[in-house]
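> Attaching a single structure in structure tokens format; questions to follow.
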Ligand code: HEM
């Protein structure tokens with residue numbers, strides 16, 4: 001097979017036999033190109049999937065695209081109805097693909113990587129912890145570390161220039177530690193930003209071998225075994241080994257401490273330890289705890305960094321946000337009832353998640369042959385849902401390159417299902433979405449009461465698409481005290 005990427009557009013495909021996908025002109029993009037397996041394999045190895053230059057950037061404007069890279073078959077879906085099919089209608093036919101193996105390597109079998117009845121049972125046990133009613137009760141636990149770090153920043157003399165991304169990593173990690181674990185996570189907080197950057201970069205490079213089929217699930221299993229064997233490994237595996245052991249030590253310290261000193265606090269750790277009357281093995285408790293430690297802060301930290309970046313680029317939206325926060329809070333600590341009084345601030349957070357989605361794409365694997373609106377999906381095919389593209393598709397968003405929070409104000413039409421996917425969708429939707437939204441609005445309210453953040457001139461801000469979308473060189477800002485503006 002020489003030409004293996006077939007870009008199909010369903011609207012234009014009317015009358016075409018369903019089983020024979022035909023490349024043809026689509027949208028405004030001109031004739032669809034055919035990409036050879038060789039081209040896609042080379043791209044996958046050299047550039048990865050990345051956001052603008054990588055292989056999935058080639059499918060812009062098409063409802064469904066097919067390509068092969070090495071030994072793997074892919075389809076990329078950009079039509080919401082097709083994504084609905086995978087996430088909702090035929091969800092049982094789609095499991096997490098090999099792209100989730102790096103998460104399994106670090107955090108074993110957990111809510112993100114588990115499947116079937118076992119997943120459903122664990123999700124049901126943890127769900128109550130993330131229900132709105134419960135979250136309302138832990139607002140104060142979220143705010144304490146936010147206020148502490150804001151005061152630390154405010155206490156600095158002279159011109160305050162910081163890497164706001166690093167501040168966001170520490171802040172979101174401390175929020176998870178305090179609100180979900182009644183802990184402070186110790187020294188790991190200071191080293192997390194560096195560990196995540198190194199770990200995600202190495203993973204992105206190793207993932208390229210997965211993308212072309214050179215590293216399957218068993219291969220990842222072997223890497224995991226060697227990493228945890230404590231046998232010294234060559235670079236880059238030695239770096240992964242160090243990170244894995246540091247995280248393992250940190251999470252084990254948290255779990256062991258609670259076992260040695262039981263508490264009756266109704267936090268996540270106690271839910272994990274007491275789930276089903278203690279029938280979860282110690283390993284599963286460790287794996288879930290590490291998942292929540294990592295998934296609970298890394299995404300939120302990136303989402304926050306993109307938020308501050310976009311606000312710095314949109315001073316009018318920022319000014320309106322400051323006015324709203326000043327009017328509602330007048331400098332006092334926010335409480336749960338204030339959240340509903342901050343619609344513009346909330347809309348800015350939601351629009352920033354559209355503009356730069358911390359999880360910019362996610363994947364599934366078909367476990368059996370399937371048909372999506374006449375398009376055959378063979379068993380073993382990897383399905384890519386490129387959220388970032390959906391969020392910028394002019395078919396679903398007017399003027400998508402415009403940062404426009406009014407899209408999310410109360411009363412605005414709700415986005416069509418599966419066109420706005422910052423937290424994924426279907427039954428595997430992010431369990432922490434309400435937690436994250438609440439936390440983000442609180443962080444914005446507290447920090448914006450104190451500071452205006454402006455970009456340091458000349459500092460490059462560039463999206464880096466690893467598993468999460470991160471600012472490659474951090475986010476250097478000058479923090480100006482708002483007191484002086486008023
Ligand atoms: C802005 C912040 C966040 C973003 C953008 C985000 C994004 C996502 C996305 C897209 C998924 C679905 C992945 C897929 O379907 O393949 C997901 C799942 C998940 N997220 Fe989040 N997340 C955020 C915050 C959080 C927080 C705060 C927590 C926990 C405290 C969390 C824990 C999880 C877990 C455990 C799953 C797996 C759920 C399951 O499969 O049952 N996330 N997240």
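The values are calculated or read from the model by the stated rules, or taken from the named source; none is laboratory data. A quick note: this is a predicted structure, and the numbers were derived from the prediction, not measured. Counting neighbours? That spans all protein chains shown, and the Cβs are built from the backbone with ideal geometry, glycine included.
> Out of the residues in segment 258-297 that are outside any helix (DSSP H, G or I) and under 16 Å from residue 124 (Cα atoms), which is farthest from the ligand (Cβ to nearest atom)?
Here is the first cut: in segment 258-297, the ones outside any helix (DSSP H, G or I) are 261-267, 279-281, 296-297.
Pick out the ones that are also under 16 Å from residue 124 (Cα atoms) and you get 267, 279-280.
Details: 267: 12, 279: 19, 280: 15 Å.
Only one residue fits best here, namely 279.
> Moving to a separate point now. Just a yes or no: is a residue in segment 464-477 out of contact with any strand residue (DSSP E or B) (no Cβ under 8 Å at 6 or more places or on another chain), away from the ligand (no atom under 14 Å from the Cβ) and free of Cβ contacts under 8 Å to residues at least 40 places away in the same chain?
yes
> Which count do you get for residues in segment 111-151 that are outside any helix (DSSP H, G or I) and modelled with pLDDT of 95 or more? Can you show your working first?
Here is the first cut: in segment 111-151, the residues outside any helix (DSSP H, G or I) are 111-115, 131, 138.
Adding the requirement that they be modelled with pLDDT of 95 or more leaves 111-115.
Result for segment 111-151: 5.
> Restricting to segment 434-460, and then to whatever is surrounded by fewer than 19 Cβ atoms within 10 Å (Cβ to Cβ) and either in contact (Cβ under 8 Å) with a residue 24 or more places away in the chain or in the same structural domain as residue 86 (by TED's automatic domain parsing) (or both), can you tell me which residue is nearest to the ligand (Cβ to nearest atom)?
First, pick out the residues of segment 434-460 that are surrounded by fewer than 19 Cβ atoms within 10 Å (Cβ to Cβ): 434, 450, 454-460.
In the following step, the residues that additionally are either in contact (Cβ under 8 Å) with a residue 24 or more places away in the chain or in the same structural domain as residue 86 (by TED's automatic domain parsing) (or both) were identified as 434, 450, 454-456.
Details: 434: 9, 450: 22, 454: 23, 455: 21, 456: 24 Å.
Per the criteria, the residue is 434.
> With the structure loaded, tell me whether residue 398 is assigned by TED's automatic domain parsing to the domain that holds residue 466 and surrounded by fewer than 16 Cβ atoms within 10 Å (Cβ to Cβ) or whether it fails that test. Lay out the reasoning, then the answer.
Details: assigned by TED's automatic domain parsing to the domain that holds residue 466: yes; surrounded by fewer than 16 Cβ atoms within 10 Å (Cβ to Cβ): yes.
Criteria met by residue 398.
> Next question, about the same structure. Is it fair to say residue 215 is at pLDDT below 95, within 24 Å of the chain's Cα centre (by Cα) and either outside the structural domain of residue 348 (by TED's automatic domain parsing) or surrounded by 21 or more Cβ atoms within 10 Å (Cβ to Cβ) (or both)?
Numbers: at pLDDT below 95: yes; within 24 Å of the chain's Cα centre (by Cα): yes; either outside the structural domain of residue 348 (by TED's automatic domain parsing) or surrounded by 21 or more Cβ atoms within 10 Å (Cβ to Cβ) (or both): no.
No, not satisfied.
> Looking at segment 303-314, is at least one residue in the same structural domain as residue 182 (by TED's automatic domain parsing), under 24 Å from residue 384 (Cα atoms) and in contact with a helix residue (DSSP H, G or I) (Cβ under 9 Å, 6 or more places away or on another chain)? Show your work before the answer.
Taking segment 303-314 first, the residues in the same structural domain as residue 182 (by TED's automatic domain parsing) are 303-314.
Pick out the ones that are also under 24 Å from residue 384 (Cα atoms) and you get 303, 306.
Pick out the ones that are also in contact with a helix residue (DSSP H, G or I) (Cβ under 9 Å, 6 or more places away or on another chain) and you get 303, 306.
Within segment 303-314, one or more residues are in the same structural domain as residue 182 (by TED's automatic domain parsing), under 24 Å from residue 384 (Cα atoms) and in contact with a helix residue (DSSP H, G or I) (Cβ under 9 Å, 6 or more places away or on another chain).
> Return a yes/no flag: does segment 74-85 have any residue that is closer than 27 Å to residue 200 by Cα and surrounded by fewer than 18 Cβ atoms within 10 Å (Cβ to Cβ).
Scanning segment 74-85, I find no residue that is closer than 27 Å to residue 200 by Cα and surrounded by fewer than 18 Cβ atoms within 10 Å (Cβ to Cβ), so the answer is no.
> Mind checking which residues of segment 367-377 are buried (at least 22 other Cβ atoms within 10 Å of the Cβ) and in contact with a helix residue (DSSP H, G or I) (Cβ under 6 Å, 6 or more places away or on another chain)?
Of everything in segment 367-377, just one residue is buried (at least 22 other Cβ atoms within 10 Å of the Cβ) and in contact with a helix residue (DSSP H, G or I) (Cβ under 6 Å, 6 or more places away or on another chain), namely 372.
> Among the residues of segment 420-430 satisfying the criterion of being surrounded by 21 or more Cβ atoms within 10 Å (Cβ to Cβ) and either over 11 Å from the mean Cα position of the chain (by Cα) or closer than 20 Å to residue 145 by Cβ (or both), which is farthest from the ligand (Cβ to nearest atom)?
Per the stated criteria, the residue is 420.
> Also: Within the group 258, 318, which residue is within 25 Å of residue 169 (Cα to Cα), touching a residue at least 12 places away in the same chain (Cβ under 8 Å) and touching a strand residue (DSSP E or B) at 6+ places or on another chain (Cβ under 8 Å)? Outline the logic, then answer.
Values: 258 fails: touching a strand residue (DSSP E or B) at 6+ places or on another chain (Cβ under 8 Å).
From the options 258, 318, the qualifying one is 318.
> Moving on. Please state which of the following conditions residue 317 fails to meet, knowing it meets all the rest: (1) under 24 Å from residue 188 (Cβ atoms); (2) more than 16 Å from the ligand (Cβ to nearest atom); (3) in contact with a helix residue (DSSP H, G or I) (Cβ under 8 Å, 6 or more places away or on another chain).
Of (1) under 24 Å from residue 188 (Cβ atoms); (2) more than 16 Å from the ligand (Cβ to nearest atom); (3) in contact with a helix residue (DSSP H, G or I) (Cβ under 8 Å, 6 or more places away or on another chain), only one is false for residue 317: (1).
> With the structure loaded, tell me whether residue 172 is assigned by TED's automatic domain parsing to the domain that holds residue 465 and at pLDDT 95 or above or whether it fails that test. Please lay out each step first, then the result.
Values: assigned by TED's automatic domain parsing to the domain that holds residue 465: yes; at pLDDT 95 or above: yes.
Yes; evaluated as a whole, the condition is true for this residue.
> Another question about this same structure. Filter segment 304-346 for residues that are crowded, with 19+ Cβ neighbours inside 10 Å and closer than 20 Å to residue 135 by Cα and give the result.
304, 334, 339, 342, 345, 346
> So, one more: State the number of residues belonging to segment 31-85 that are at positive phi and modelled with pLDDT of 85 or more.
Taking segment 31-85 first, the residues at positive phi are 48, 61, 70.
Those left that are additionally modelled with pLDDT of 85 or more: 70.
Of the residues in that region, 1 qualify.
> In addition: Which condition number does residue 415 fail, the rest of (1) under 22 Å from the mean Cα position of the chain (by Cα); (2) free of Cβ contacts under 8 Å to residues at least 60 places away in the same chain; (3) more than 24 Å from residue 302 (Cβ to Cβ) being met?
Going through the list (1) under 22 Å from the mean Cα position of the chain (by Cα); (2) free of Cβ contacts under 8 Å to residues at least 60 places away in the same chain; (3) more than 24 Å from residue 302 (Cβ to Cβ), residue 415 breaks only (3).
> Let me ask another. Identify all residues within segment 350-371 that are away from the ligand (no atom under 15 Å from the Cβ) and either over 30 Å from residue 436 (Cβ atoms) or assigned by TED's automatic domain parsing to the domain that holds residue 464 (or both); write none if there are none. Talk me through it step by step, then tell me what you get.
Initially, segment 350-371 is screened for residues away from the ligand (no atom under 15 Å from the Cβ), giving 367-371.
Answer for segment 350-371, where residues must be away from the ligand (no atom under 15 Å from the Cβ) and either over 30 Å from residue 436 (Cβ atoms) or assigned by TED's automatic domain parsing to the domain that holds residue 464 (or both): 368, 369, 370, 371.
> I've got another one for you. Inside segment 372-389, can you point out the residues that are in contact (Cβ under 8 Å) with a residue 60 or more places away in the chain and within 15 Å of the ligand (Cβ to nearest atom)?
Residues of segment 372-389 that are in contact (Cβ under 8 Å) with a residue 60 or more places away in the chain, as a first pass: 372-378, 380-386, 388-389.
Correct list: 382, 383, 384, 385, 386, 388, 389.
> With the structure loaded, tell me whether residue 332 is away from the ligand (no atom under 16 Å from the Cβ), within 25 Å of residue 168 (Cα to Cα) and outside any helix (DSSP H, G or I) or whether it fails that test.
Values: away from the ligand (no atom under 16 Å from the Cβ): yes; within 25 Å of residue 168 (Cα to Cα): yes; outside any helix (DSSP H, G or I): yes.
So residue 332 fits the description; yes.
> Among the numbered criteria (1) surrounded by 19 or more Cβ atoms within 10 Å (Cβ to Cβ); (2) in a loop (DSSP other than H, G, I, E, B), which one does residue 196 miss?
Condition (2) is where residue 196 drops out.
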